[in-house]
Amino acid sequence: MVRPLVTQNFCLGHPVIDTEHAAIGQYWQQAVSCERLQLPLHLARLKKAMARHFDHEAEILAQTTGMSLCTRHRAEHGALLDLCSEVALLYEQDWRKAQSLLRNRFAAMVREHIISMDLCTVLLIQTAGEGAPCDPATTA
């Protein structure tokens, strides 16, 4: 049995972002548990869900705070999408190694990304609301 990609421990408190993380986790679970011929389809779905989530996350941040994702955050998004492409190439040579790359390195990168970059993003979003503790109008 493969450990889930994201669990309750990875919920950040933003319903949209948490829901999208859960969906990515489901696509990942399918990709790491499927048979050889199914991997390209599940990998494509995973990569598409991630790209949509990354765009949506940036949009939520911009609409809520007027800020953009930092350079490092965007770079991590790019690295995760690049790793999906690497898995797709590896599939052509050795599908089991491709799944292993998803199970191990990819999973570690996603988990680390959620508890660092995404957590910071959610904190920015949550504190940007009117009357939030960091709102200068309420602390003056």
> How do 6, 110 rank when sorted from fewest to most other Cβ atoms within 10 Å of their own Cβ?
Replying inline: 6, 110
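Given R₀ = 35 Å, FRET efficiency for residue 88-residue 59 by Cβ-Cβ distance, to 0.05?
Working: r = 26 Å, r/R0 = 0.76.
It comes out at approximately 0.85.
Size of the dipole of the stretch 52-94 about the Cα centre, Lys and Arg at +1 and Asp and Glu at -1 on the beta carbon, nothing else charged, in debye to 20? Don't skip to the answer; put the middle values down first.
Numbers: 3 positive and 8 negative charges, 58 e Å.
Roughly 280 debye, rounded to the nearest 20.
What is the fewest-to-most order of 95, 28 by other Cβ atoms lying within 10 Å of their Cβ?
Going from least to most buried by this count: 95, 28.
Is there a quick way to get the dipole size of the chain? I mean about its Cα centre, with the Cβ of Lys and Arg at +1 and of Asp and Glu at -1; what is the value in debye to the nearest 20? Let's see the in-between values first.
Values: 13 positive and 15 negative charges, 124 e Å.
Taking the Cα centre of the chain as origin, the dipole is about 600 debye.
To the nearest 0.05, what FRET efficiency results for residue 104 and residue 1 with a Förster distance of 22 Å applied to their C-beta separation?
Efficiency, from the Cβ-Cβ distance: 0.90.
Which residues make up the longest stretch of the chain that has no GluC sites (Glu not before Pro) in a DSSP loop with at most 13 other Cβ atoms within 10 Å?
Values: sites that count: 35, 130.
That would be 36-129.
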>> At a 10 Å Cβ-Cβ cut-off, how would you order 118, 94, 18, fewest neighbours first?
In response: 94, 18, 118
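Here, each number is a calculation from the coordinates, and none is a lab measurement. Since this is a predicted model, take the numbers as computed values, not measurements. Cβ atoms come from the backbone with ideal geometry, glycine included; neighbour counts cover every protein chain shown.
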